[in-house]
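Asker: Quick one: structure below, then a few questions.
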Amino acid sequence: MSIREANEKDATEIAKICVKAWQVGYKEFIPKEYLESLLVESKKTIWSEALKKKALELRNL
């Protein structure tokens, strides 16, 4: 197994994990309808932007 820093190409998989984690972790506390409404695509956009910003910050060091 190797560990590396995440990059923009990882955004979709991170988004899938994020959505699933919320759906499993908060099912006792948050209405099912809300958890089912979480979209991988919207989380992907958030993660993609965050990873892009991080990459730019690292390049500017």
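Asker: For the range 21-38, which positions are in a helix (DSSP H, G or I) and exposed (fewer than 13 other Cβ atoms within 10 Å of the Cβ)? Before you say what the answer is, go through the steps one by one.
Answerer: Our first condition is that a residue be in a helix (DSSP H, G or I); within the range 21-38, this holds for 21-25, 32-37.
Once the filter is applied, which keeps residues that are in a helix (DSSP H, G or I) and exposed (fewer than 13 other Cβ atoms within 10 Å of the Cβ), the range 21-38 yields Ala21, Val24, Gly25, Lys32, Glu33, Tyr34, Glu36, Ser37.
Asker: Kindly indicate which of Ala21, Ala15 is under 13 Å from the mean Cα position of the chain (by Cα) and without any contact (Cβ under 8 Å) to a residue 24 or more places away in the chain. Show your work before the answer.
Answerer: Details: Ala15 fails: without any contact (Cβ under 8 Å) to a residue 24 or more places away in the chain.
On inspection, the qualifying residue turns out to be Ala21.
Asker: Based on what the data block shows, is Glu41 more than 15 Å from the chain's Cα centre (by Cα) and either in a helix (DSSP H, G or I) or surrounded by 15 or more Cβ atoms within 10 Å (Cβ to Cβ) (or both)?
Answerer: Details: more than 15 Å from the chain's Cα centre (by Cα): no; either in a helix (DSSP H, G or I) or surrounded by 15 or more Cβ atoms within 10 Å (Cβ to Cβ) (or both): yes.
Here the answer is no, as Glu41 does not meet what is asked.
Asker: Only residues that are of a type in the set (Lys, Arg) and either part of a helix (DSSP H, G or I) or more than 21 Å from Lys53 (Cβ to Cβ) (or both): list them for the range 3-20, please.
Answerer: Here is the first cut: in the range 3-20, the residues of a type in the set (Lys, Arg) are 4, 9, 16, 20.
If the condition is that a residue be of a type in the set (Lys, Arg) and either part of a helix (DSSP H, G or I) or more than 21 Å from Lys53 (Cβ to Cβ) (or both), then Lys9, Lys16, Lys20 are the ones that fit.
Here, each number is a calculation from the coordinates, and none is a lab measurement. Bear in mind that the values here come from a model prediction, so they are computed numbers and not experimental data. All Cβ positions, even for glycine, are placed from backbone atoms using ideal geometry, and neighbour counts span all protein chains on display.
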